[in-house]
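A.B. asks: Take a look at the following structure, please.
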Amino acid sequence: MTAWVERPGRPHTRPLVLIPGLSMSWHAFRWFLDRHPLDRPILVIDPPGCGRSARLPHRMDADAQAQHVAAWLDHLERGPVDVVGHSLGAITAARLAAQRADLVTSIILVSPSPDDRWPRMRNHVGALVKGVPAEAPRVFAQAAFDYLRSNPRVLAGFNTEAGRPASDVMNDVHTRVLVVRGSADRVSSRRWCDELAAAANGNVVTVPDGAHGLPQQMPGDLVAIVAAFTARRGHP
């Protein structure tokens, strides 16, 4: 079973697809939805094993999740789309663009994780802990709610991604790419974000004082960045 939230927008406009991060449901983007104008359809998926979605039967890495997202969009007959992925969802978004260039017009990678400097889960958790003072309180409340509901196999899929180099993450990505990072993010380093962008001829935008949970912490800033980037080619 795959669950998602869909907010209607102006007809005949390119949909925006949002992919939450590790163990997160659509709730991670609810403040983003509140601030986004009603000018285009928006779909927010509960990734496999998160929220109300069942886990995948075999693999749970980013490539397997990207295949699942592609099948979901094909089933809905949606595409091409612009895709925003947060944290691990950013890696899924990149792999989706690599697998299905016909389906993805642009990708926005927000606080992409895991950074290849963190080869083990404990390194990642340690970075999250160090970044706690910069996060908005509602990040923790929403994350705790989603973590309790997520399937343990989601963490196994994350471990598979740990240490994956930027060149591999962005291999075969030929669509437009924007990487968004908060200046106070202790999880996704500037070097890592620069390498992801460079591997696909993309750009990096830094949100001043932003932490790792940008969709929850600074949704208005993120909405403005996404709107400006996706409007550069316009929408039908």
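A.B. asks: For segment 44-77, what are the residues that are β-branched (Val, Ile, Thr) and either in contact with a strand residue (DSSP E or B) (Cβ under 6 Å, 6 or more places away or on another chain) or surrounded by fewer than 22 Cβ atoms within 10 Å (Cβ to Cβ) (or both)?
C.D. replies: VAL44, ILE45
A.B. asks: Consider ASP82 carefully, then state whether it is over 17 Å from the mean Cα position of the chain (by Cα) and either assigned to a helix (DSSP H, G or I) or acidic (Asp, Glu) (or both).
C.D. replies: No, not satisfied.
A.B. asks: Whether any residue in segment 10-19 is open to solvent by 20 Å² or more (accessible area, probe 1.4 Å), closer than 20 Å to ASP102 by Cβ and either under 14 Å from the mean Cα position of the chain (by Cα) or acidic (Asp, Glu) (or both) is what I want to check.
C.D. replies: There is no residue in segment 10-19 that is open to solvent by 20 Å² or more (accessible area, probe 1.4 Å), closer than 20 Å to ASP102 by Cβ and either under 14 Å from the mean Cα position of the chain (by Cα) or acidic (Asp, Glu) (or both).
A.B. asks: Here's another thing I want to ask about it. Given the conditions (1) within 14 Å of ALA93 (Cβ to Cβ); (2) open to solvent by less than 30 Å² (accessible area, probe 1.4 Å); (3) modelled with pLDDT of 95 or more, and given that MET24 satisfies all but one, which numbered condition is not satisfied?
C.D. replies: (3)
A.B. asks: Something else about it: For segment 27-43, which positions are among the aliphatic types (A, V, I, L, M) and buried (at least 24 other Cβ atoms within 10 Å of the Cβ)?
C.D. replies: Scanning segment 27-43 gives a single hit, ALA28.
A.B. asks: Then there is this: For residues that are acidic (Asp, Glu) and open to solvent by 50 Å² or more (accessible area, probe 1.4 Å), scanning just segment 183-235, find the one that is modelled with the lowest pLDDT.
C.D. replies: Only one residue fits best here, namely ASP209.
A.B. asks: Which one of these does ALA162 not meet: (1) in contact with a Phe, Trp or Tyr (Cβ under 9 Å, 6 or more places away or on another chain); (2) surrounded by fewer than 24 Cβ atoms within 10 Å (Cβ to Cβ); (3) of a type in the set (A, V, I, L, M); (4) at pLDDT 95 or above?
C.D. replies: (4)
A.B. asks: Residues in segment 83-96: is at least one of a type outside the set (Phe, Trp, Tyr), at pLDDT below 95 and open to solvent by 20 Å² or more (accessible area, probe 1.4 Å)?
C.D. replies: no
A.B. asks: Okay, moving on. So for segment 80-101 (the condition being of a type in the set (Gly, Ala, Ser), within 17 Å of ALA3 (Cα to Cα) and in contact (Cβ under 8 Å) with a residue 60 or more places away in the chain), does at least one residue qualify?
C.D. replies: yes
A.B. asks: In this structure, does GLY157 turn out to be at pLDDT below 95 and at positive phi?
C.D. replies: When the stated conditions are applied, GLY157 does not pass them.
The values are calculated or read from the model by the stated rules, or taken from the named source; none is laboratory data. Keep in mind that what you see is a predicted model, and the values were worked out from it rather than measured. FYI the Cβ positions are ideal-geometry reconstructions off the backbone, even for glycines, and counts take in every protein chain you see. The accessibility values were calculated without ligands, DNA or RNA, using every heavy atom of the protein model including side chains. Shrake-Rupley method; radii C 1.70, N 1.55, O 1.52, S 1.80 Å.
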